[in-house]
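What follows is a set of notes on a single structure, which appears directly below.
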Amino acid sequence: MESNQTIIKIAMHVGSLIRKVVDEQGRNIKWLAEKLNCDRTNIYKIFNRENIDTNLLNRFCEILDHNFFLDLSNEIHLSPNPPQIVE
């Protein structure tokens, strides 16, 4: 059976966005790792990711009280270069 799934590639680097919000809030990596119940090395790996699982992104939203999904949505709608659609 063939999949009709459409993927939208967004220019925004999600890991960098999360890092920016963490820095803006004055949080440190140890604090964030404790909130996510993981090692600090995992946080740095997430910061280097261009994409992230939506469940994990939702956890970041809750922990940092920031709507990353809105940021991504705004990137899709406001970008001068529309996102690339891959089928």
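Excluding Val21 itself, what net charge comes from residues whose Cβ is under 12 Å from its Cβ, given Lys and Arg +1 and Asp and Glu -1? Don't skip to the answer; put the middle values down first.
Values: positive: Arg19, Lys20, Arg27; negative: Asp23, Glu24, Asp65, Asp71.
After counting each charged neighbour, the total is -1.
Summing Lys and Arg as +1 and Asp and Glu as -1 over all other residues whose Cβ lies under 13 Å from the Cβ of Cys38 gives a net charge of +3.
Just so you know, all these numbers are worked out from the coordinates, no wet-lab data involved. All figures in this text were calculated on a predicted structure; none of them were measured in a lab. Note that we place each Cβ from the backbone using ideal geometry, even for glycine, and neighbour counts take in every protein chain shown.
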